[in-house]
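Computed from the coordinates by the stated procedures, all read-outs in this text should not be read as laboratory data. Remember, it's a predicted structure, so these values are computed and weren't measured experimentally. Methodologically, a virtual Cβ is constructed for each residue, glycine included, from the backbone with ideal geometry; neighbour enumeration extends over all protein chains shown.
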Amino acid sequence: MTTLTNRPTSAHKKALIERLNIFTALALGVISAFVVWRLALQFLPQDAETSPFFNREDKITLLSMIAWFVGFMTGIGALIAPFRWLTGKDLSHDENMFYAGKDMGVKRYFRYTTDHKVVGIQYLVMTMFIFFIGGTLAMLIRTNLGNPEGGWIHPQAYNSIVGTHGIVMIVATIIMVTGPFGNFIMPIMIGARDMAFPRLNALSFWLIVAAAVPLLWGQFLGGISTGWTAYNPLASQAPLGMDGYIMFICIFAISTMVAGANITTTVIRMRAKGMTWNRTPIFIYGTVASVALALPAFPVFFLSQVMSGMDRALGTGFYDAAHGGSGWLYENLFWIMGHPEVYVILIPAVAALMEMAPVFSRNPLFSFNVAVLGIAGISGLSVLVWAHHMYMAGWAPLLNAPFMLTTELISIPTGMLFLVLVGTLWRGRLWVTVPMASIFALLWNFMIGGITGIYLSDVPADAFLHGSMYVTAHFHYTLMGAGLTGAIASLVYWFPKMTGRMLDKKLSWISFWMVQIGFNIAFMGMFAVGLAGQPRRVEGYAAIFNRGNLITTAGAYLIMAGMLVLLHAVISSWRNGVKAPMNPWQAKTLEWSVANPIPLENFDVLPTVTSDAYGYGKAKS
Amino acid sequence: MSVETHAHHEHPDVVGSRNRLGVILILVADIAFALSMLFVYFYLRMQNVNDMWLPAATEETPAILPLSSAPGWTVTAIMAVGLLAHFYALKGVRNKNQTQLNLGGLVALILSVVGLVYQFNTIASAPFTFGTGAYTSCFYLITIMNFVHIALTVFISLGNWNRSRLGLYKADHWHVDIVNVWWIWMTVSSLLGAFALSFT
């Protein structure tokens with residue numbers, strides 16, 4: 001690494017920004033947390049006898065976690081630019097180039113690097129890591145459920161594993177498309193040199209790293225025994241591990257808001273000349289819809305957790321009926337975020353597959369306007385359906401009917417997206433690759449996920465099905481069967497552009513079939529036991545459900561094996577794979593017009609767009 | 001997609017317009033947050049679960065009486081005057097009047113500090129604790145969040161004034177425009193808090 005060129009180098013003294021990296025961040029975070037923990041232990045007064053349980057301990061834990069967060073962000077260098085702005089000493093061109101990771105090699109991946117391609121790769125690796133953790137927890141759950149009496153995991157630990165698996169997978173699926181591909185591919189696809197706010201881009205990534213530690217920390221303080229929804233007042237009575245969940249969500253929500261503002265601004269303001277809205281690729285619509293939906297939704301989640309933290313640490317009574325609070329308040333705040341979040345996950349994954357459908361069918365995208373309308377319709381309706389999660393909670397029975405209506409209405413714009421996919425494939429010259437097969441897998445899985453969702457949206461049917469394994473199978477069919485399938489297809493499709501190597505074809509096919517077959521075995525089995533009445537989130541169950549659970553567990557092992565094959569394919573191809581040509585799929589979007597490896601600022605001169613990206617099947621296309 | 005190429009230069013107005021949109025989008029998130037707080041306040045007030053919005057007196061504890069909303073409106077008034085001062089500064093930079101820019105920025109900074117101290121005093125002198133009913137919980141939530149907002153305003157105003165003083169806004173003034181957007185939202189969010197706390 002070289003020192004900044006505009007600084008005197010005779011003393012060989014490094015500037016502050018050159019010294020900061022993930023190791024200084026970890027060190028400062030740990031030291032800050034330790035110091036605050038010791039000070040809080042020393043100086044915080046003991047609770048009065050009337051205080052709720054854990055009150056002082058909660059204060060100490062939350063203060064230590066906040067100190068970790070501030071220390072980590074300071075140590076990674078996130079605060080340098082704001083304070084330089086404050087003092088009027090803006091970053092110089094050389095310093096900005098340093099932040100962008102110019103000529104820094106592999107070290108740039110461990111720094112507060114602003115280049116969108118570096119951030120995209122960071123997100124990709126982090127997403128794979130989070131899926132690895134979440135998947136491991138899933139295998140613990142399924143192994144334990146192989147036996148009706150429960151197994152070798154303590155019930156309290158089992159509860160925590162279920163809750164942690166849930167929140168870890170939700171976060172992984174939220175970032176799995178907009179993180180890696182929204183950051184790496186999207187700016188090039190619209191013909192921009194970088195994101196609108198490169199430093200905010202780095203901030204959004206490092207916030208997630210900072211958030212992960214409190215969640216991990218919480219596992220050693222009693223874990224998350226409430227399930228991923230962390231319903232109150234249950235959460236206010238849970239062990240100290242709940243504070244880790246609260247901190248995790250608060251920091252993650254800030255990351256999501258920052259990323260949402262950044263991606264939306266980039267698309268609105270930085271599209272290439274000539275890229276009108278009609279010529280903007282459908283993947284961009286999906287990405288923007290996803291982050292724009294998250295922008296107003298996640299602050300509500302953030303608030304719900306701030307109040308949860310205040311209830312635990314300060315003794316407020318937002319969710320405690322004895323103090324004038326209400327558990328229904330939490331449920332409303334949670335699901336006002338929680339249902340749009342499903343579409344935050346789904347829309348970009350489906351949009352990515354809509355982007356690939358014309359490429360591998362050599363047909364134009366069928367009815368671009370219907371695709372955009374479908375995305376807009378889902379986004380709009382998704383904020384009006386939250387109370388279908390509360391039909392049986394007794395919150396507002398008179399509102400069940402209108403919420404049933406809005407929920408069932410959402411199947412119309414969803415159907416539009418199906419129509420676009422099927423219409424694009426119709427009479428196409430299909431090039432059967434993993435992304436193409438993933439489109440068929442999505443149509444199958446999402447159809448099952450969608451139709452079973454209609455039953456759950458129906459109040460009388462939900463009275464029987466709610467809280468059962470049927471619900472668990474349903475949302476896995478949507479989030480995993482549709483969402484994750486789209487994300488893996490995106491990985492295969494954009495891997496050559498992101499790494500300069502082709503993803504191993506044979507291994508990716510093996511992985512595809514293992515995951516898809518395993519997935520359908522696992523969750524069909526889960527539908528069966530759910531319909532037969534097995535409740536979800538239980539550690540043991542009646543012997544009559546044993547066969548279905550064994551089938552599900554066997555399917556889960558097949559998924560795990562398939563995912564490990566994919567992981568091996570990614571690592572081996574990245575290291576030794578066949579070098580990728582500039583445009584291996586003969587696609588027409590802008591990211592395929594830049595050479596491998598992609599230059600720091602993507603384009604020597606910015607492109608001007610003169611037609612849409614879907615002119616396949618036409619003369620000279 | 002067919003492409004041609006052209007040379008690329010960014011005008012400060014383009015950068016300013018981009019930054020302005022980014023800040024407005026972040027404010028969308030903040031507005032959602034503020035509206036959620038109002039929802040919490042009015043939801044719990046209307047529910048009045050177990051008559052614990054404002055708990056009546058018991059043998060051990062006195063009744064909880066709502067505070068006057070005057071401090072909330074006072075903070076709003078301070079922020080509104082700060083906004084006017086910042087408008088004055090913005091007008092100055094648009095007319096290339098450096099003195100007006102500096103003076104308006106300084107007054108806005110001083111008022112943000114005054115607002116911060118006043119808001120802190122309101123919180124510190126409240127005659128009840130966090131856990132004495134839903135009203136008190138909401139009171140602390142709204143006032144603490146407003147305190148955090150004003151603290152951010154102090155940081156931004158300090159940077160804005162310092163940069164004005166150093167003459168960094170001679171060439172273009174989109175920074176000052178954007179700080180003005182923040183001030184507008186700060187005043188509105190204080191007003192929303194005061195409005196809610198007026199309904200006890």
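If you put +1 on each Lys and Arg Cβ and -1 on each Asp and Glu Cβ, how big is the dipole of the protein assembly as shown around its Cα centre, in Debye rounded to 20?
Dipole magnitude for the protein assembly as shown comes out near 2820 debye.
Straight-line reach from A:Lys117: which lysines have Cα under 25 Å away, leaving out those fewer than 8 places along the same chain?
Within the straight-line cut-off, A:Lys117 pairs with A:Lys102, A:Lys107, A:Lys273, A:Lys497, A:Lys505, A:Lys579, A:Lys588.
Checking the cross-link filter: which lysines have an alpha carbon closer than 29 Å to that of B:Lys170, excluding same-chain neighbours under 8 positions apart?
Correct list for B:Lys170: A:Lys89, B:Lys91, B:Lys96.
Lys/Arg Cβ at +1, Asp/Glu Cβ at -1, dipole of the range A:18-92 taken about the Cα centre: which of A:Ala81, A:Gly71, A:Leu91 is farthest positive-ward?
Toward the positive end, the furthest listed residue is A:Leu91.
For an R0 of 60 angstrom, estimate the FRET efficiency from the Cβ-Cβ distance between A:Phe440 and A:Phe34 and round to the nearest 0.05.
Computed FRET efficiency for A:Phe440 and A:Phe34: 0.65.
For the range A:135-593, give the magnitude of the charge dipole about the Cα centre (Cβ charges: +1 Lys/Arg, -1 Asp/Glu; no others), in debye to the nearest 20.
1820 debye
Could you work out the local net charge near A:Thr256, counting Lys and Arg as +1, Asp and Glu as -1, over the other residues with Cβ closer than 15 Å to its Cβ?
Taking every Cβ under 15 Å from that of A:Thr256, the sum is -2.
By how many degrees, 0 to 90 and rounded to 10, does the Cα axis of helix B:174-197 deviate from the longest principal axis of chain B?
The two axes meet at around 10 degrees.
Hydropathy at least -1.0 by Kyte-Doolittle, axial extent at least 30 angstrom from the Cα trace: which helices of chain A, defined as entire DSSP H runs, fit?
Going by DSSP H runs, the hits are A:22-43, A:55-76, A:116-144, A:155-178, A:198-219, A:241-270, A:282-313, A:327-361, A:434-457, A:505-531, A:546-576.
Using amide H atoms built in the peptide plane, which far-off residues or other-chain residues are under 5 Å from A:Lys273 H to H?
A:Val609
For a quick size check, give me the Cα extents of chain A along its three principal axes, largest first, whole Å.
Projected onto its principal axes, the Cα set of chain A covers 72, 68, 43 Å.
When the dipole is taken about the Cα centre of the range A:18-92, and only Lys, Arg (+1) and Asp, Glu (-1) are charged at their Cβ, what size is it in debye, to the nearest 20?
300 debye
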